[in-house]
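The values are calculated or read from the model by the stated rules, or taken from the named source; none is laboratory data. Every value quoted in this text rests on a predicted model; they were computed, and no experiment measured them. All Cβ positions, even for glycine, are placed from backbone atoms using ideal geometry, and neighbour counts span all protein chains on display. Just the protein is used for accessible areas: all its heavy atoms, side chains included, with ligands, DNA and RNA removed. Shrake-Rupley method; radii C 1.70, N 1.55, O 1.52, S 1.80 Å.
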Amino acid sequence: MTKTALTKDSPAKDAPIKEAELGVDPARETAPAKETRKERPARTSSRRRILLWTVAGVAILGVLALVFGGVFNQAAAPSPEPSMTAVQIIPLVILVVMFVVATKWPLNIGVMGLVASFGVGYFMLGMSDKQILADFPASIVLTIIGVTYFFSMAQRNGTIDIIVKGCVRMVRGKTLLLPWVFFLIAAALTSLGTFSPAAIALLAPAAIGFAYESRIHPVVMGAFIINGAHAGGFSPLSVAGVLVHDIALKNDFPISQGGLFIASFALNLILSVLTIVLFALIGKLRDGAAGQHVDIDTSATGRPHGQQILTLVLIAVMLVATLGFHLPIGFVALSAGLLLAFINIKEHKTFIGGISWSTVLLVAGMITYVSLLEHVGVIDTLAEQALALGAPLLIALVLCYVIGVGSAFASSTALLTAFIPLAGPLLATSSLSASGTVAALAIAATVVDVSPFSTDGALVVANAREDDRQRVYKQLMFYAGGVVLVAPALAWALLVPTGIM
């Protein structure tokens, strides 16, 4: 592999987990931030600002319509719709403001959620700190800490690099198979517990470098890495899979973890096939702008040794312990990480720094605040008002699009914690499949992360060649627009009306 594939600008070695997994904004600024003022036209910044405020305006208008719609239609309605009280409206408005702020500025929405939980709970509702934190997601937090702790070590000791290069050698010069190789590697990493932004940060430097060397369009390669990461992102071992399952279970509509994983993998596989077809039809599958063709270096990197062998063995043990004996993945990953730490005590502080504390804050803050909304009846009232709008199938489609459009600019994890509870009353009063509906929402929230305004998409742009970064940014933005239009409807069509899950 040439030096192009792994440059000093790559985020893979700098902070693949600490910054890539904010779930909110910092990496989202990567692409524009690394360009000079001369390279970035003013209209790009203006276009982004317009898109952001349009989404924010639609969200606010939607909330206001749900909140006040029942008030103006009470006279005509045969049965009055539930109206919201001031105690419910104020926390809901605060939630909308939090999303708008986290979309525009690089602030962790989880921190805002914890502060808002204290403000609303203590000053408005008179709750104690123990009552406010009654639904603090301790098990999910432990899972995040354990998984990111272990995989930060696996990345630093070279185990991930060995897996990647070993898989690339398997193509034996068949360059059009490279996107599929990276799709499968990304899916394997996330299905074992790596966060999708972390997996993309690890793979993007090599994958985009290979794309330029083999004249594959970098947007195609970037889309395959992101789709692969999301394909494995809802496995029973992954943090996202555990998160969605726990939220659904808490709201009394248990879902199939295996079904969620299969559905996510299948939908992302379909999107990847459609991506190949689209770029082949427009003649962009082979990228002439990538430069002169260079033979790919797939020379052997040597067999794993020492810590790398132990890391591979521990990954296998984690699979057996969690899937075979149903042990909690958080404790198992912490135990495996501690064993690796004993072998390399000098770098233990570095390993601790690899824990995704930003994601811990994001998930903990959002779940705590949404639990507070449930406590005051906001979720139930919104769901009842949504049910009064029309057929359950139509409501499910609207929810898929709202969460999909919002996730293109904001945190997918934060939106999942806010929207999945809304599906509870819908599922309770209809014949819709719980697993299918929740899977459609989860997939709609994640597949749109190819947007250059999201962490995943920004990582792809950041690893493009400096002289080609603006072109990749623009083309990825157009591609993401198509995904936002198609993917939520595709997820809904295949999973909700069919009752396949």
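Calculated from the alpha-carbon coordinates, the stretch 131-188 shows an Rg and a Dmax of 17.7, 60 Å respectively.
Quick check for me: using +1 on Lys/Arg Cβ and -1 on Asp/Glu Cβ, what's the dipole size of the stretch 83-222 about its Cα centre, in debye to the nearest 20?
Numbers: 8 positive and 4 negative charges, 118 e Å.
So the magnitude is around 560 debye.
Across S238, S191, the residue with the most accessible area heads the list, and the full order at a 1.4 Å probe is S191, S238. Sorting S335, S152 by solvent-accessible area of protein heavy atoms yields S335, S152, largest first, with a 1.4 Å probe. Projecting the Cα atoms of V363, A391, I403 onto the charge dipole of the stretch 347-501 (Cβ charges, centred on the Cα centre) puts I403 farthest toward the positive pole.
Using a 10 Å cut-off on Cβ atoms, rank the peptides 477-483, 444-450, 205-211 from the highest mean neighbour count down.
Working: 477-483: 18.1, 444-450: 29.6, 205-211: 26.3.
The packing order, highest mean first, is 444-450, 205-211, 477-483.
Taking amide H as placed 1.01 Å from N in the peptide plane, the amide H of I216 sits under 5 Å from that of D287, each at least 5 places away or on another chain. Within the assembled protein chains, the solvent-accessible surface assigned to E466 is about 110 Å², based on a 1.4 Å probe. Accessible surface comparison of M501, M366, probe 1.4 Å, protein chains only, largest first: the order is M501, M366.
How large a share of the accessible area of the stretch 115-255, in percent, is made up of carbon and sulfur atoms when the probe is 1.4 Å and the other protein chains stay in place?
Working: 2780 of 4460 Å².
On the stretch 115-255, the fraction of accessible area on carbon and sulfur atoms equals 62 percent.
Ranked highest first by the average count of other Cβ atoms within 10 Å around their residues, in what order do 490-498, 194-202 fall?
Values: 490-498: 20.4, 194-202: 31.2.
The most tightly packed comes first, giving 194-202, 490-498.
Surface calculation, 1.4 Å probe, protein heavy atoms: I270 sits at approximately 70 Å² accessible.
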